[in-house]
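Read the structure below first, then the notes.
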Amino acid sequence: MEYFLDTADIEAIKRINEIFPLKGVTTNPSIIAKEKRDFKDIINDIYNIIGKEKVVHAQAVGSTADIIVKEVNLLRDTFGENIYAKIPVTFEGIKAMKILSKDGHKITATGILSSQQIIMAAEAGAEYMAPYINRSDNIGESGVEIVRDAYKILEMFKKSDEECLKRYKRVFELKILGASFKNVRQVHETMLAGSKSVTISPDVFERLIYHPYTDWSMDTFNSDWEKIYGDKTLIDLL
Ligand code: E4P
């Protein structure tokens, strides 16, 4: 599994990166705007916390393919190879993906609310596809079905590795980066649908492994131990 943190909140990134195995951090224009500070400083601060070997996803904001292409080139020139350019699945976005993927850019297709958008973005050369699970659920559709159907379609028309290398210059793997989660159940269902990557906001992230019975079990162990050994740990006893 690949876990990404969906935030630009530096304190939350520090806290969660110290504990959990993160693949990287994802942002979007709303997440960045919330910080009310220099864009370049925000991305550099994130890299300083997670390390340059990890990846950051930053979104292009231009509304034409021409501007998106320029933005994405600048992103790579400024931050290096470990930046993924998030590009929306609009007409202009798909056009930009086609141009940029030929130039080896790392692309995450974003704003996805249908399986067809996943398939189209993958064909246009995006590496990750980010379906918005909760936004889909919110209007009575199903984020998880979007993921499931996309995998089903891709599996039915799977291309050979040889064909993929020729066409995409890489062995093709449909990487669905589940996004926009409001609860752990949505994350769980998205993984079950086949998604190996998820990006999660800090509040939902910290609930991923929470279970009240685990806490109760640890409290019981601690109080049983203390009755006999006080505050000693194994360091004192071995
Ligand atoms: C993903 O690309 C988006 O940044 C994000 O997950 C959207 O989440 P939201 O619907 O909670 O704003």
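The values are calculated or read from the model by the stated rules, or taken from the named source; none is laboratory data. Because the structure is a prediction, the values reported are computed rather than measured. No Cβ is skipped: glycine too gets one built from the backbone with ideal geometry, and neighbour counts run over all protein chains shown.
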Please tell me if SER197 is within 13 Å of the ligand (Cβ to nearest atom) and polar (S, T, N, Q).
yes
When the residues of region 102-128 are narrowed to those that are small (Gly, Ala, Ser) and over 19 Å from the mean Cα position of the chain (by Cα), which ends up nearest to the ligand (Cβ to nearest atom)?
ALA124
Within region 73-80, is even one residue at pLDDT 95 or above, at positive phi and within 17 Å of the chain's Cα centre (by Cα)?
no
Regarding region 175-183, can at least one residue be identified that is within 23 Å of LYS98 (Cα to Cα), more than 16 Å from the ligand (Cβ to nearest atom) and hydrophobic (A, V, I, L, M, F, W, C)?
no
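Residues checked against (1) of a type in the set (S, T, N, Q); (2) surrounded by fewer than 17 Cβ atoms within 10 Å (Cβ to Cβ); (3) modelled with pLDDT of 95 or more:
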site	(1), (2), (3)
SER136	yes, no, yes
GLY143	no, no, yes
LYS152	no, yes, no
MET156	no, yes, no
PHE181	no, no, yes
Condition check: β-branched (Val, Ile, Thr), surrounded by 13 or more Cβ atoms within 10 Å (Cβ to Cβ) and away from the ligand (no atom under 16 Å from the Cβ). Does ILE32 satisfy that?
no
Return a yes/no flag: does region 198-207 have any residue that is without any contact (Cβ under 8 Å) to a residue 24 or more places away in the chain, surrounded by 15 or more Cβ atoms within 10 Å (Cβ to Cβ), among the aliphatic types (A, V, I, L, M) and within 24 Å of VAL25 (Cβ to Cβ).
yes
Among what's in region 48-66 and is free of Cβ contacts under 8 Å to residues at least 60 places away in the same chain and within 19 Å of VAL198 (Cα to Cα), pick the residue that is surrounded by the fewest Cβ atoms within 10 Å (Cβ to Cβ).
GLU53
Take the residues of region 77-87 that are surrounded by 24 or more Cβ atoms within 10 Å (Cβ to Cβ) and free of Cβ contacts under 8 Å to residues at least 40 places away in the same chain: which is farthest from GLN117 (Cα to Cα)?
ALA85
Exactly one of VAL25, VAL69 is more than 13 Å from the ligand (Cβ to nearest atom), under 27 Å from PHE91 (Cα atoms) and surrounded by 18 or more Cβ atoms within 10 Å (Cβ to Cβ), and that one is VAL69
Within region 92-99, is there a residue that is under 30 Å from LYS40 (Cβ atoms) and within 16 Å of the ligand (Cβ to nearest atom)?
yes
